[in-house]
Amino acid sequence: MKKKSIFKAYLTSEQVLEYYKGKKNSVRVKTEEGQSMSIPFDVLLKYVTHDGIGGTFEIHYTDDGQFQSIHKI
């Protein structure tokens, strides 16, 4: 069974650069339900713009927490 969470993520272009340099590999977010999650940066790559990353996202994962999919809403 897939589970899902909704969260907002905002990273500046300077913050995104830290991930590209390998200094960080996951983004800490808080879901709308108040749960703290660690999202692998690589799943957010397709949402990087010149300004960084910004928006509301829906992530789907398995019962044991394995990543399934993510999309911007």
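Data table
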quantity: Residue ranges of strands (runs of 3 or more DSSP E) in the range 1-53 with at least 3 members of a type in the set (D, E, K, R); calculated: 3-12
quantity: Index of the failed condition, residue 53 passing every other in (1) surrounded by 13 or more Cβ atoms within 10 Å (Cβ to Cβ); (2) modelled with pLDDT under 95; calculated: (2)
quantity: Residue in the range 53-70 that is without any contact (Cβ under 8 Å) to a residue 40 or more places away in the chain and under 24 Å from residue 13 (Cβ atoms) present; calculated: yes
quantity: Pick from the range 1-44, criterion touching a strand residue (DSSP E or B) at 6+ places or on another chain (Cβ under 6 Å) and of a type in the set (Ser, Thr, Tyr), ranking: surrounded by the fewest Cβ atoms within 10 Å (Cβ to Cβ); calculated: 36
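The values are calculated or read from the model by the stated rules, or taken from the named source; none is laboratory data. Remember, it's a predicted structure, so these values are computed and weren't measured experimentally. Cβ coordinates were reconstructed from backbone atoms using ideal geometry, including for glycine residues, and neighbour counts include every protein chain displayed.
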